[in-house]
1. Kindly indicate which of Asp201, Asp152, Asp180 is out of contact with any Phe, Trp or Tyr (no Cβ under 7 Å at 6 or more places or on another chain), closer than 23 Å to Met45 by Cβ and surrounded by fewer than 24 Cβ atoms within 10 Å (Cβ to Cβ).
2. Under the condition of being assigned to a helix (DSSP H, G or I) and among the β-branched types (Val, Ile, Thr), which residue from region 1-46 is farthest from the chain's Cα centre (by Cα)?
3. So, in region 180-192, how many residues would count as being out of contact with any Ser or Thr (no Cβ under 8 Å at 6 or more places or on another chain) and at pLDDT below 95?
4. When you go through Glu310, Glu299, Glu245 one by one, which is the residue that is surrounded by 15 or more Cβ atoms within 10 Å (Cβ to Cβ) and of a type in the set (Asp, Glu)?
5. Quick check on Leu164: is it closer than 26 Å to Tyr134 by Cα and either at pLDDT below 95 or open to solvent by 70 Å² or more (accessible area, probe 1.4 Å) (or both)?
6. Which ones in region 181-227 are within 19 Å of Arg315 (Cα to Cα), β-branched (Val, Ile, Thr) and without any contact (Cβ under 8 Å) to a residue 60 or more places away in the chain?
7. Would you confirm whether or not region 133-142 contains a residue that is within 17 Å of Asn229 (Cα to Cα) and assigned to a loop (DSSP other than H, G, I, E, B)?
8. Of the conditions (1) touching a Ser or Thr at 6+ places or on another chain (Cβ under 8 Å); (2) over 23 Å from Pro295 (Cα atoms); (3) open to solvent by 30 Å² or more (accessible area, probe 1.4 Å), His141 fails just one. Which one is it?
Amino acid sequence: MRDLRVATVQFQHAAGDKAYNFGRICHFVTEAAGARVEMIAFPEMCLTGYWHVRKLSRAAFEALAEPVPDGPSTRDLLDVSREHGMTIGAGLLERAPDGGVYNAYVVAMPDGTWAVHRKLHVFEHPNICAGNAYTVFDTPHGCRVGVLICYDNNIVENARATALLGAEILLAPHQTGGCDSVSPRGMKPIDPAVWARRHEDPAACEAELCGPKGRAWLMRWLPSRAHDNGMFLLFSNGIGPDDDEIRTGNAMVLDPYGDVIAESRALGDDMVVADLDASVLPTSSGRRWLRARRPELYESLTRPTGQEQETRRVRFGE
């Protein structure tokens, strides 16, 4: 890997309004191009909208999905990527050839190549399909990139598997923070009154978004995905109202030691830019620990325990 300038974005999408959401992507890509950014990450399902889809009928849910790479959103992303010489990652609903619908993340690259990751741990709609493969690929920028979408990052094995496939940078698009977790010490809903007064009392709103309902919860585990596996990590997230929840933003870039090297505390749409120093990768703790692995001991990691459940049941405590 060589040194690379990257960006990650938080923005409030409009439910079902692909034209508006693509416009926000173009706005930030143009801004990033002015800062000589080569790779930019946008949030999970930011093109289609996210939390409202759980209420859609099956027909409306499927109508929101598009094929990849032949759908209009992927074609538009590839056009913008080529125009600015920038790799762009953005989330949408993908309609597969067999009719299945996936929570997917498209990465468009300036040489016309593309990659798509299908979320492995899904719960967004009763008819959504789960992906069954890791996504790691080479880019025109001389680096190898992996993608894990939101809940995928919660499962430690996913980050390790992605690193073992050679990922040096992990794109981690989310729609998180402000969720009503069944865990007593997990995320909780953001107070709508505090959000509504964010301009009058920004300090109180920042404290709400950055406390245990949002950033503080993330910081319990997200840095370890970068640190333990020796990867740079680009965390992108929604911000503000998303149907009946409020996302907490905190777009950030972490280095392979799990340190935050760029971060947004903005109470609205924002982008942060960071320079990735490739020289820290080889001797990072996680990268060294990967070489000390003893795979012959790890058979139990792939053996079912009998306690496994569908993600939807775990997520909602069903």
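1. Values: Asp201 fails: closer than 23 Å to Met45 by Cβ; Asp152 fails: surrounded by fewer than 24 Cβ atoms within 10 Å (Cβ to Cβ).
One residue alone meets the criteria, Asp180.
2. Of region 1-46, the ones assigned to a helix (DSSP H, G or I) are 18-34.
Going one step further and asking which of them are among the β-branched types (Val, Ile, Thr), we end up with 25, 29-30.
Values: Ile25: 15, Val29: 17, Thr30: 21 Å.
Restricting to residues being assigned to a helix (DSSP H, G or I) and among the β-branched types (Val, Ile, Thr), the top hit is Thr30.
3. 7
4. Selected residue: Glu245, the only one of Glu310, Glu299, Glu245 that is surrounded by 15 or more Cβ atoms within 10 Å (Cβ to Cβ) and of a type in the set (Asp, Glu).
5. Details: closer than 26 Å to Tyr134 by Cα: yes; either at pLDDT below 95 or open to solvent by 70 Å² or more (accessible area, probe 1.4 Å) (or both): yes.
Yes.
6. Within region 181-227, just Ile190 meets the criteria.
7. Looking through region 133-142, at least one residue is within 17 Å of Asn229 (Cα to Cα) and assigned to a loop (DSSP other than H, G, I, E, B).
8. Of (1) touching a Ser or Thr at 6+ places or on another chain (Cβ under 8 Å); (2) over 23 Å from Pro295 (Cα atoms); (3) open to solvent by 30 Å² or more (accessible area, probe 1.4 Å), only one is false for His141: (3).
The values are calculated or read from the model by the stated rules, or taken from the named source; none is laboratory data. Since this is a predicted model, take the numbers as computed values, not measurements. Backbone-built Cβ (ideal geometry, glycine too); neighbour counts: all protein chains shown. SASA here: full protein model, heavy atoms, side chains in, ligands and nucleic acids out. Shrake-Rupley method; radii C 1.70, N 1.55, O 1.52, S 1.80 Å.
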